[in-house]
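Remarks on the structure that follows.
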Amino acid sequence: MTIAFAGNPNCGKTTLFNAYTGASLKVANWPGVTVEKKEGTCTYKGERHTLVDLPGTYSLSSYTMEEKLTRQFLLSGGADVIIDVADASCLTRNLYLTIQLMELGIPVVLALNMMDILKKRGAKLDVHRLSQKLGIPVVPLSARRREGLDVLMDAALEAAKSKAVPAAAQFEQMEAQERFAWIEAAVAACLTDNRPRAFTDRVDNVLLHPFWGLLIFFAIMAVVFLLTFTLGDLAKIPLEAALDQLYSAVGQGLDAIHTAPWLTSLITDGILAGVGGILTFLPNIVLLFFALAFLEDSGYMARVAYIMDGIMGSLGMSGRAFIPMLLGFGCTVPAIMASRALESRRDRLRVMLVTPFMSCSARLPVYILIAGAFFGNYAPVAAFSMYVIGLLTAILIARCTKSLHKKEKQLPLLMELPDYKAPALRTVVLYVWEKVRDYLTRAGTTIFLASIVLWVLLNFGPGGFVTSMEDSFAAWIGRGAAFLLTPCGLGMWQIAVALIAGIAAKEVVVSSLAVLFGIENISSAAGTTALRASLAAYGFGAANAYALMVFVLLYIPCAAALATIRSESKSWLWTAGAAVMQIGVAWILSAVAYRIGCLFI
Amino acid sequence: MIKKETSNSKKDLIKNMTLLDCKAGETLSISKIRLEEALQYRLQILGIVPGSQVHVLHKKRSGTMVIRSRGARYALGAQAAGGITGVKAL
């Protein structure tokens, strides 16, 4: 049997679906669109059934993609029975969808979720009466407490086997307004004492307060940020150490069996380092999504759109876009993944375009080195200015792309704010697991290819495998491309090579400069002086240095970030476009910075 | 004329107003919704239709508000609130 789960957003549909399927979840996309399709299996009383989690919708007409997909899937005979999940505490609105589902001519069972909360409030719901009024089976349950699950499954299988199509002829002629009137009368006959939940209102009085609400929001964001990056980076240290040991062990093992040096290099420096680099982001990503899942499942995330509506609205973005943009200051990869919290694809794509300009922590070593070498006492000011330039560039790009995707016109804010509840551990864990698995498989495959390409560029030359970066294809390209960087004051092949190498990860710019200029211990005081002296020999002064910092700030954040953009946008075109734009913006602004710098210095 | 308008409080109560004019804590009985088709439709499927009531829970200076309708809460932009008219319910 195929059982489809339909229902309003926030009705607990996914919790119920997870309760049945566990981790047997298969997440794919609906053909041709980016709406997620979740499928799972469940063995009940010795029989295997396929469960499909349809996108949450308020109706079945065909305005949004979610509604169209749900309707098409059900009408094409995709399911034997529909389990319509309804939030018992908001019954009237939920039943509007129920009636539309009943009109499809497929057996429908109504699952009244959150009955525990209704009971706690002292409300009484006459389930039999409701079932009689609607003419379909109604099962009360609590998905969070896993109560009533077997009863629901029995009712659904029974309805599917007997092919009990609901009688819905009476609704045919009714307009929306009349339908709501009918539903209201039906609910009034079954439900007594439906008081709104006072708890959520009391919490909202504080969390949505014009002043305190904003303050608490920033405090929560600070905690999320610290948790993701401070704690995450702590967990990174042993992970990186373990990976380093693995690389050297593999390297030694390969040497021991007399593998060709180039192959050893490809495996250790190319593939293992590239794919291992993906793994080092894992602690950050797990912690970030743990925090986001907590905010999402508790009901707070929806409020963020309201709280930040004013500030982000002026950029033509949803209030929630603030979260990925803030996280961008930590690391671009999880920040781009956080763009999933946004409602519209248009917003998600724009956030992916803008977030990489937020100066992530991997860029700091470059600022420290270059600013330290050229700006002396003013180094901190020069480094700080990078954060400001990044932020301003992001705002500028956001404003410029405001009218992008004209077809998907931005609708004014209209979003349900669910009741607050204690997040269910199961939901949170599944949510985190899903993201981590996605990240490893999707970003992992792209990064695998990218690291091989980068390795070839840096380790192969026209004459084959090279031991010095100076003879590599990258150096070759660098020599050819250096003139392109001349307007930015960066027309040196070594700089071009360091920038190409920096695509692997921004901090690599530092180590590449060290290698190319033959400086040992580049981060020490002597190393910094030596770097300045070597660069000065080429006429590279403070204005050039500042332009270099601007370029590093703005160009492609790293291969992993590009891989993440690719896996989140599911579009190579968009990814390539983003990369070209980043290089373009970096080129223009570093040229501007260089020209202005030349006037002063 | 001005005096008449301010003193006649009963008349004030049944005066047509938009949801945007409502303060936090006030309730509007909707008589008409005139908005862009897509938005009007989205309100309709939530049960925010003429004849129903919405209660303003919170309101920001920009006009963005949180409303309650049929037991559920929604964040609503000022633009949308401006297109919903009705009379203040007691």
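Straight-line reach from residue B:15: which aspartates and glutamates have Cα under 17 Å away, leaving out those fewer than 8 places along the same chain? Correct list for residue B:15: B:5, B:26.
Which positions within segment B:51-77 get 40 Å² or more of their accessible surface covered by the other protein chains, compared to the chain by itself, with a 1.4 angstrom probe? Listed by number, the residues meeting the 40 Å² cut-off are B:58, B:60, B:64, B:66, B:68, B:70, B:73, B:74, B:75.
Solvent-accessible area of residue A:567, all protein chains in place: 10 Å² (probe radius 1.4 Å, heavy atoms, ligands and nucleic acids excluded). With contacts taken as Cα pairs under 8 Å at a separation of at least 6 residues, segment A:357-516 carries a relative contact order of 19 percent. Buried accessible area between A and B (1.4 Å probe, both chains summed, ligands and nucleic acids excluded), in Å² to the nearest 100? Roughly 3000 Å² of accessible surface disappears when A and B pair. For helix A:91-102, report the angle its Cα long axis makes with the longest principal axis of the Cα atoms of chain A; keep it between 0 and 90° and round to the nearest 10°. Helix A:91-102 sits roughly 80 degrees off the main axis of chain A. Summed over qualifying helices (DSSP H, 4 residues or more, each -39500 (n - 2.57)) and divided by its residue number, the protein assembly as shown shows a 222 nm mean residue ellipticity of -16500 deg cm²/dmol.
Compared with the rule-of-thumb size 2.2 N^0.38 Å for a compact globular protein, chain A has a Cα radius of gyration ratio of 1.14.
Per residue, chain A exposes 42 Å² of solvent-accessible protein surface, assessed with a 1.4 angstrom probe and all protein chains in place.
The eigenvalues of the Cα gyration tensor, multiplied by 5 and square-rooted, give segment B:16-89 an equivalent ellipsoid with semi-axes of 16, 13, 12 Å from largest to smallest.
Helix A:212-225 and the longest principal axis of the C-alpha atoms of chain A enclose an angle of approximately 60°.
Our analysis of segment A:61-215 gives Rg over Rh at 1.02, with the two radii drawn from alpha carbon positions and Rh computed by the Kirkwood formula.
Note on segment A:447-600: Kirkwood radius taken over Cα pairs, Stokes-Einstein applied at 20 °C and 1.002 mPa s, translational D equal to 133 µm² s⁻¹.
Here the gap between residue A:123 and residue A:378, fully extended at 0.36 nm per residue and compared with their Cα-Cα distance, gives a gain of 85.1 nm. The simple Förster model, with R0 at 41 Å and r as the Cβ-Cβ distance, assigns residue A:570 and residue A:526 a FRET efficiency of 0.25.
Here segment A:131-239 was treated as a single set of alpha-carbon atoms; its pair distances binned every 5 Å from 0 give 2, 8, 9, 10, 10, 12, 10, 9, 9, 9, 7, 4, 1, 0 percent.
As a calculated quantity, the FRET efficiency between residue A:246 and residue B:61 at R0 = 60 Å, using C-beta atoms, amounts to about 0.60. Building the convex hull from the alpha-carbon atoms of segment A:232-376 and averaging its projection over directions returns 12.5 nm². Stretching residue A:453 away from residue A:161 to a fully extended chain increases their span by 99.5 nm, per 0.36 nm per residue minus the current alpha-carbon distance. Spacing of the modelled spin labels on residue B:32 and residue A:174, each 7 Å from Cα toward Cβ, amounts to 2.7 nm.
Computed from Cα atoms, the angle from the helix A:345-354 axis to the main principal axis of chain A rounds to 20 degrees.
The values are calculated or read from the model by the stated rules, or taken from the named source; none is laboratory data. Just so it is clear, the structure is predicted and the values come from calculations on it, not from any experiment. Positions of Cβ are generated from backbone atoms using ideal geometry, with glycine treated the same way; all protein chains shown enter the neighbour counts. These area figures cover heavy atoms from the full protein model, side chains too; ligands, DNA and RNA do not enter into them. Shrake-Rupley method; radii C 1.70, N 1.55, O 1.52, S 1.80 Å.
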